Amino acid sequence: MRKTLRLYFFACAVAVLLASPAAAPQQPQREARVLQLACVGGGCPLLQGAPQTAGMRSGFVRLKPGATVGWHTTGRNEEALVILRGQGEALIDGGEKQAFVAPALVYIPPVTRHNVANTGAEALEYVYVVAPATLP
């Protein structure tokens, strides 16, 4: 139970950080990517910046082995998946599959059709965070 609460609070902290505005006046090129997390001493900083939320939403997903979440898009929003347990692939429409193993962070840019597949032998568990994005 305590481990579940720690993961929940960790995911909430990620959600707040993901809604941070960019520090640079010019927006960088957004690409789908997977970032492996190296948690040393219990700390896992993912993104940096002043926390601010506006229209953010999130939830928890548990996929059985071999299951997918289904093709979808978050429209003009960007999305981050905080992979808590298991392994899988981020399938990006028009791009290559991107494999990941927990713990990891998967970033999906705005206006990107995508799917998530569990490629492992155990449940894939992750928290998704969807936030408004500034489009050029």
Hits in segment 54-64 (condition: surrounded by 15 or more Cβ atoms within 10 Å (Cβ to Cβ) and at pLDDT below 80):
MET56, SER58
List pairs: first residue in segment 70-95 and in contact (Cβ under 8 Å) with a residue 12 or more places away in the chain, second residue in a strand (DSSP E or B) and acidic (Asp, Glu) anywhere in the structure, Cβ distance under 7 angstrom, at least six positions apart or on different chains.
LEU84/GLU125; ARG85/GLU125; GLY86/GLU125
Restricting to segment 108-130, give me the number of residues that are surrounded by fewer than 19 Cβ atoms within 10 Å (Cβ to Cβ), in a strand (DSSP E or B) and touching a residue at least 60 places away in the same chain (Cβ under 8 Å).
1
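Residue check: is PRO28 at pLDDT 60 or above, closer than 17 Å to THR134 by Cα and not in a helix (DSSP H, G or I)? Quick ask: steps written out before the conclusion?
Working: at pLDDT 60 or above: no; closer than 17 Å to THR134 by Cα: yes; not in a helix (DSSP H, G or I): yes.
Criteria not met by PRO28.
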Hits in segment 90-136 - residues which are among the small types (Gly, Ala, Ser) and over 19 Å from ARG62 (Cα atoms):
GLY94, GLY95, ALA131, ALA133
Looking only at segment 65-93, filter to residues that are touching a Lys or Arg at 6+ places or on another chain (Cβ under 8 Å) and not aliphatic (A, V, I, L, M); which one of those is surrounded by the most Cβ atoms within 10 Å (Cβ to Cβ)?
GLU78
Quick test for you: out of VAL106, VAL101, pick the one residue that is of a type outside the set (Gly, Ala, Ser) and over 28 Å from THR134 (Cβ atoms).
VAL101
From the list ALA102, ALA133, which one is farther than 18 Å from VAL34 by Cα, crowded, with 16+ Cβ neighbours inside 10 Å and aliphatic (A, V, I, L, M)?
ALA133
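The values are calculated or read from the model by the stated rules, or taken from the named source; none is laboratory data. Worth saying up front: this structure is predicted, and the values here are computed from it rather than measured. All Cβ positions, even for glycine, are placed from backbone atoms using ideal geometry, and neighbour counts span all protein chains on display.
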